[in-house]
Amino acid sequence: MSRKPLGKDKDGIQKVMRFGDYLGDAAGQFTLNAISGLVGQLTYFYTDKVGLAAGAVGTAFLIVKLIDAFTDLIMGYIVDHTKPGKERYRPWLLKMSVPAAVMIVLLFTVPANVSSTMQMVYMFITNFLLTAVIYTALCIPYASLMVVRTASQQERGNMGTWRAGAGYVSGMIIAVAIIPITNMLGGDQAAWIKFSAVLAVVAVICLLITWKTGKETNPVMEAENNAGVQDEALPFKEAITNLFHNKYWVMVLIMGLAVNITYGLANSAGTYYAKWIYGNDNLVGIQGAIGMIPTILGFILVGPMIKKLGVTKTLKVSFFIGMAGNALRLLNPYNFVYNTVLGCFGTFANIPMMCLLGVLTAMTIDYNEYKFNNRMLASSQAACGFGSKVGNGLGASLVAWCLAIASYNPEAAVASTAVKQAVFAFNIYVPLILFTVLFILSIKFDLEKKLPQIHAEIAQRKDQAK
């Protein structure tokens with residue numbers, strides 16, 4: 001029995017996505033966010049479970065992330081230079097599924113009966129292989145799938161929402177469950193290894209689902225491919241130079257950097273706040289569970305907000321909410337109820353950007369075609385990934401560096417004044433600054449209203465070239 005045709009979206013573009021397509025696509029983001037969430041917990045694992053120095057951990061993380069960011073650019077170049085006629089993006093999900101599972105477990109098998117130097121070497125190598133090699137080989141092709149899957153901005157927005165929802169669920173599972181579950185299992189290194197093994201199995205299953213259900217069926221690009229029309233593979237230097245002459249792409253790069261510092265802090269910082277400000281690290285699980293309320297509200301409201309306000313105005317509103325929530329926390333940073341409630345504002349403020357960063361990037365890719373007659377699809381995603389990886393690394397490293405400056409001692413009975421200020425810095429002060437930067441950038445980003453005219457001009461060029 002044939003399926004009912006999907007019809008066209010409000011812009012007259014053919015729709016191709018069904019419920020199962022959205023669900024299968026979102027499974028990939030579940031895995032990616034599970035990996036990044038797990039990596040975000042490593043600072044606490046290395047300092048409080050393995051016993052490594054906080055400053056050394058922070059510096060090692062940043063070095064890995066800087067290398068990781070450059071591997072994004074290399075991966076983008078590799079994908080963009082895939083031979084014509086072949087799928088460029090989907091096969092990578094299959095190739096990297098098992099290696100990803102293996103490395104997830106190896107992250108936590110830090111040898112115990114060796115020197116701290118050897119432990120640092122092991123930590124560096126395993127983090128490098130997972131994040132700079134395997135995660136990159138998954139993330140760049142997966143991010144590009146949004147553009148090659150559909151030409152509809154409406155469907156891309158829906159994909160972004162589904163991806164963000166799946167990613168947030170996996171992130172919240174890590175944030176809410178990892179401390180209570182590992183404590184229940186004994187609280188030692190073996191407990192963390194058991195948790196990671198379960199997560200590794202789930203990761204493989206989700207990646208295989210995305211590989212199986214994913215397609216590269218953007219009707220516009222498919223027609224061009226069938227006609228033998230494909231973007232010319234530009235030299236690496238020329239592609240990067242062009243991207244930095246696209247002001248909207250540069251804005252998205254900076255926004256990705258800022259928002260991923262926020263994510264990096266959120267993944268690493270909450271446990272320290274619960275342990276040293278509230279006196280019980282298990283409270284991070286309660287905070288995470290309460291954080292599901294604004295998360296659910298965010299995903300319910302983001303669609304209507306986009307429909308009513310558009311992409312850019314939705315981001316302006318959410319960033320302002322994030323600014324206000326963090327500013328009010330300054331009035332009483334010690335009260336659990338007060339800060340948990342205001343933390344919900346910050347959680348809600350992150351949801352639209354989680355949904356729409358990929359959509360913003362897709363807009364800049366359309367602008368690449370308008371300005372340079374070349375989409376530079378994977379290179380655009382990879383270079384934005386550069387900012388994201390550096391941002392996430394800076395977020396995790398800021399936590400460790402602040403603790404090192406404050407002479408952090410995980411065995412102390414109570415936190416010193418310096419440690420408390422360090423915890424406030426990476427939980428409140430820095431996020432407040434970042435939301436302010438994001439709000440200003442969202443005011444400057446005016447590409448959305450220009451897109452209809454840009455698309456019309458691109459289509460006219462192609463008609464004239466026939």
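List of remarks:
- In Hz, Karplus ³J(HN,Hα) per residue of the stretch 430-441 (6.51, -1.76, 1.60; θ = phi - 60°; x = Gly, Pro): 5, x, 4, 4, 5, 5, 5, 4, 4, 4, 5, 5
- Solvent-accessible area per residue in the stretch 302-347 equals 50 Å², computed with a 1.4 angstrom probe and all protein chains kept.
- With all pairs of separate Cα atoms included, the stretch 352-466 yields a Kirkwood hydrodynamic radius of 17.7 Å.
- Whole-percent carbon and sulfur share, accessible surface of the chain, 1.4 Å: 67 percent
- Stretching the chain fully between Tyr338 and Lys247 yields a gain of 28.7 nm (0.36 nm per residue, less the alpha carbon separation).
- For the stretch 303-377, a simple Cβ point-charge model (Lys and Arg +1, Asp and Glu -1, everything else neutral) yields a dipole of about 160 debye relative to the Cα centre.
- Which of Tyr142, Ile173, Val110, positive extreme of dipole for the stretch 65-202 (C-beta unit charges): Tyr142
- Lys/Arg +1, Asp/Glu -1 at C-beta; the stretch 309-417 dipole; positive extreme among Asn373, Asn409, Thr361: Asn373
- Volume of the Cα convex hull of the stretch 77-155, divided per residue and given in Å³: 118 Å³
- Between the listed residues Pro294, Thr340, Ile205, the Cα displaced farthest toward the positive end of the dipole of the chain, a dipole computed from Cβ unit charges relative to the Cα centre, is found at Pro294.
- Across the stretch 88-93, computed HN-Hα scalar couplings (Karplus, 6.51 cos²θ - 1.76 cosθ + 1.60, θ = phi - 60°) run 9, 10, 4, x, 5, 5 Hz from first to last residue, x flagging Gly and Pro.
- Relative contact order (percent, whole number), the chain, Cα cutoff 8 Å, 6+ residue spacing: 27 percent
- Measuring only protein heavy atoms, the 1.4 Å probe finds Asp463 accessible over about 100 Å².
- Computed FRET value (nearest 0.05) for His81 with Ile254, which takes r as the C-beta separation and R₀ as 35 Å: 0.80
- Average accessible surface area per residue within the stretch 1-133, 1.4 Å rolling probe, Å²: 45 Å²
- Excluding exposed DSSP-loop GluC sites (Glu not before Pro) (at most 15 other C-beta within 10 Å), longest clean stretch of the chain: 233-410
- Convex hull volume per residue, computed on the Cα atoms of the stretch 261-410, equals 130 Å³.
- Chymotrypsin sites (Phe, Trp or Tyr not before Pro) restricted to DSSP loop in the stretch 166-210 with at most 11 other C-beta within 10 Å: none
- Dipole magnitude for the chain: computed about the Cα centre from +1 point charges on Lys and Arg Cβ and -1 point charges on Asp and Glu Cβ, it is near 860 debye.
- A straight chain from Glu411 to Ile458 at 0.36 nm per residue would run longer than the Cα-Cα distance by 10.7 nm.
- Spatial separation of Cα centroids for the stretch 257-315 and the stretch 423-462, in angstrom: 19 Å
- Kirkwood hydrodynamic radius of the chain, from the reciprocal of the average inverse Cα-Cα distance over all distinct pairs: 22.7 Å.
- Principal-axis analysis of the Cα atoms of the chain puts helix 247-276 at an angle of about 20° to the longest axis.
- Annotation note: chymotrypsin sites (Phe, Trp or Tyr not before Pro) in the stretch 315-415 located in DSSP loop regions with a Cβ neighbour count of at most 13 within 10 Å are Tyr334.
- Candidates per trypsin sites (Lys or Arg not before Pro) in the stretch 46-150, loop by DSSP, up to 10 other Cβ within 10 Å: Lys86
- Our coupling estimate for the stretch 69-74, obtained by passing each phi through the Karplus curve with A = 6.51, B = -1.76, C = 1.60 and θ = phi - 60°, is 5, 6, 5, 4, 5, 5 Hz, Gly and Pro reported as x.
The values are calculated or read from the model by the stated rules, or taken from the named source; none is laboratory data. No experiment lies behind these values; they were computed from the predicted model shown. So basically every Cβ, Gly included, is an ideal-geometry build from the backbone, and we count neighbours across all protein chains shown. Keep in mind that these areas ignore ligands, DNA and RNA; they rest on the heavy atoms of the full protein, side chains included. Shrake-Rupley method; radii C 1.70, N 1.55, O 1.52, S 1.80 Å.
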